[in-house]
1. Which whole-percent values make up P(r) of the range 1-80 when all C-alpha to C-alpha distances are grouped in 5 Å steps starting at zero?
2. Along the Cα-to-Cβ line of residue 87, 7 Å from the Cα, sits a label point; which residues in the range 52-74 have backbone N less than 11 Å from it?
3. Give the shape of the range 43-91 as rounded, prolate or oblate, defined through the alpha-carbon gyration tensor: a ≥ b ≥ c are the square roots of its eigenvalues, a/c under 1.5 means rounded, and otherwise the shape is prolate if a/b is larger than b/c and oblate if not.
4. Would you list 62, 33 from fewest to most Cβ contacts within 10 Å?
5. For the chain, take the longest principal axis of its alpha carbons; what is the angle in degrees between that and the long axis of helix 6-28, to the nearest 10 within 0 to 90?
6. What's the extension gain from residue 35 to residue 52 if we count 0.36 nm per residue and subtract their Cα-Cα distance?
7. Go ahead and run the numbers for FRET between residue 13 and residue 80, Cβ-Cβ distance against an R0 of 35 Å, rounding to 0.05.
8. Set the Förster distance to 30 Å, then compute FRET efficiency between residue 5 and residue 44 from the Cβ-Cβ distance, nearest 0.05.
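Each value in this text was obtained by applying a stated rule to the coordinates, not by laboratory testing. It should be emphasised that the depicted structure is a prediction, and the values quoted were computed from it without experimental measurement. Virtual Cβ from ideal backbone geometry, glycine too; neighbours counted across all protein chains shown.
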């Protein structure tokens, strides 16, 4: 993980955590379903943004490092990890 990116990602995750707690309060308070669903969509979009940043980070450091290293086994391992991740997200 990129050390420069880590504080920014943690900050985003903290905001998402607060957002999810807010959704729980909305459910507890019996708020209107559409309002709750809207907030859930926003939280999901925020998580997708963090996921995208982490994926970019992985591609820019881990996978690029394996390619530059010339180590075929490491390249295969990193490619396999990425393929498994994409297969899980496609389900």
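1. Going out from 0 Å in 5 Å bins, the range 1-80 shows 3, 14, 17, 15, 12, 11, 10, 7, 5, 4, 2, 0 percent.
2. Counting backbone N atoms under 11 Å from the label point, the list is empty.
3. Numbers: a/c = 5.89, a/b = 1.77, b/c = 3.33.
Oblate is the answer for the range 43-91, as a/c is 1.5 or above yet b/c matches or exceeds a/b.
4. Values: 62 16, 33 10.
Arranged by neighbour count, lowest to highest, 62, 33 become 33, 62.
5. 30
6. 3.5 nm is the gain from fully extending residue 35 to residue 52.
7. Efficiency, rounded to the nearest 0.05: 0.85.
8. Here the calculated transfer efficiency is 0.90.
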